Amino acid sequence: MRVLGIETSCDETGVAVYDEKQGLMGHVVYSQVRLHAEFGGVVPELASRDHVRKLVPLIREVMGRSGSEPGSIDGVAYTAGPGLIGALLVGGAVARSLAFAWGRPCVGIHHMEGHLLAPMLESRRPSMPFIALLVSGGHTMLVRVEDLGRYTVLGETLDDAAGEAFDKTAKLLDLPYPGGPALAELASRGTPGRCSLPRPMIGKPGLDFSFSGLKTAVRLAAEGGDPPMAREDLAAEFQAAVVETLVSKCRRAMRATRARSLVIAGGVGANVSLREHMNRVAGEDGWEVFYPRPEFCTDNGAMIAYAGMLRLRAGEHSPLAIQARARWNLETLGPPPGLSALGRRTL
Ligand code: KG4
Ligand code: ZN
């Protein structure tokens, strides 16, 4: 089975073709970062319009490069949510129309399911059940993954996402958008511990996160110091606070569930300090960490094509209506109907 996957939930247009037997046949991601940079964040209407401009040419490009004629595509998958509603509608409309024109089934995919399954695109794959830490600009959650559609959210952020905290703190420190990589670079030149920022929620039981207080603490530290704190030291302490919080919650989740594999997905997973600390703790505790390659950590069409292939192969089809949901609880997904009846594993 060969599936065309389309991702347009936010500010990246992602297209991919995934073949059940041959694996990933081709993929391309177009990032709108430069379009939104002058506004310091994603402008939803501009995002939708840019998806309209880019999506069809990108589909042509990936189909051509992967040698996929329309007749060789067995199904189309698109991100149906959660995300920016206008952006989702663009991907949904194009995907649904192509599937209709080609007489093929179509399926709407949960964006976070795509992220959760991204490590399965690699040759070194986690064993089931695994725990996934999803850390992006919009989400911070710990999820137990038992099988396709069998997800339990163990904890999530009560306010800002980790990437959002990076972006907001970067803005405070006059760094360009998107702030995460710029802040990490600044932090690499500073020393943590020269001021003391809180490690939110570490002392509390459970696996939830909270990052909104951290940016306020950074602002107070930036304004209050006499002499003023060096920006790189402030950045280093901020990064240390986020990394320690994420690592400590992952360690707690791994101990509580006795899982052997931890997956880190989402843009913040690219953070070098997070990777170093997580790898060290994994070594100490005897579990393994899996990172999708950087281009599959961030938003992409490959993860949607792969999740779509699994669901279409199991007989799941979405109706002719386009699905687009700004919010969508991951736990309500469930496995594809045929498979849950058979009780078979899918991954
Ligand atoms: O997954 P992603 O590309 O997009 C979504 O939010 O869905 O994640 C983007 C987020 C941004 O907040 C960005 O600042 C952050 O990931 N990020 C980083 C790093 N690279 C990207 N945060 C910390 N360190 C990095 N190296
Ligand atoms: Zn994402």
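The values are calculated or read from the model by the stated rules, or taken from the named source; none is laboratory data. On a predicted model such as this, the values are computed, not experimentally measured, just so you know. Backbone-built Cβ (ideal geometry, glycine too); neighbour counts: all protein chains shown. We work out accessible area using only protein heavy atoms, side chains counted, and drop any ligands, DNA or RNA first. Shrake-Rupley method; radii C 1.70, N 1.55, O 1.52, S 1.80 Å.
Does G283 satisfy the condition of being within 16 Å of ligand 2 (Cβ to nearest atom) and either exposed (fewer than 13 other Cβ atoms within 10 Å of the Cβ) or not aromatic (F, W, Y) (or both)?
no
Just to verify a result, which residue in region 140-195, among those that are among the polar types (S, T, N, Q) and in contact with a Ser or Thr (Cβ under 6 Å, 6 or more places away or on another chain), is least open to solvent (accessible area, probe 1.4 Å)?
Ranking the candidates gives T140 first.
Looking only at helices (runs of 4 or more DSSP H) that lie completely in region 119-231, which have at least 2 residues being over 30 Å from E12 (Cα atoms)?
212-224
How many of the residues in region 257-274 are in contact (Cβ under 8 Å) with a residue 24 or more places away in the chain and open to solvent by 10 Å² or more (accessible area, probe 1.4 Å)?
Matching residues across region 257-274 total 8.
When you check R96 against the structure, is it within 28 Å of N329 (Cβ to Cβ), of a type in the set (K, R) and more than 22 Å from the chain's Cα centre (by Cα), yes or no?
Criteria met by R96.
From the list A270, A307, which residue is at pLDDT 95 or above and either within 14 Å of ligand 1 (Cβ to nearest atom) or within 30 Å of K21 (Cβ to Cβ) (or both)?
A307
Would a scan of region 1-13 turn up a residue that is touching an Asp or Glu at 6+ places or on another chain (Cβ under 6 Å) and surrounded by fewer than 18 Cβ atoms within 10 Å (Cβ to Cβ)?
yes
List every residue pair whose Cβ atoms lie under 6 Å apart, where the two residues are 6 or more positions apart in sequence or sit on different chains, the first residue falls within region 294-318 and is open to solvent by 30 Å² or more (accessible area, probe 1.4 Å), and the second residue, located anywhere, is within 11 Å of ligand 2 (Cβ to nearest atom).
T298/G267
Which of the residues spanning region 275-293 are free of Cβ contacts under 8 Å to residues at least 40 places away in the same chain and touching a helix residue (DSSP H, G or I) at 6+ places or on another chain (Cβ under 6 Å)?
Selection gives H277, M278, V281, W287, V289.
Kindly indicate which of A77, A95 is part of a helix (DSSP H, G or I) and open to solvent by less than 10 Å² (accessible area, probe 1.4 Å).
The match here is A95.
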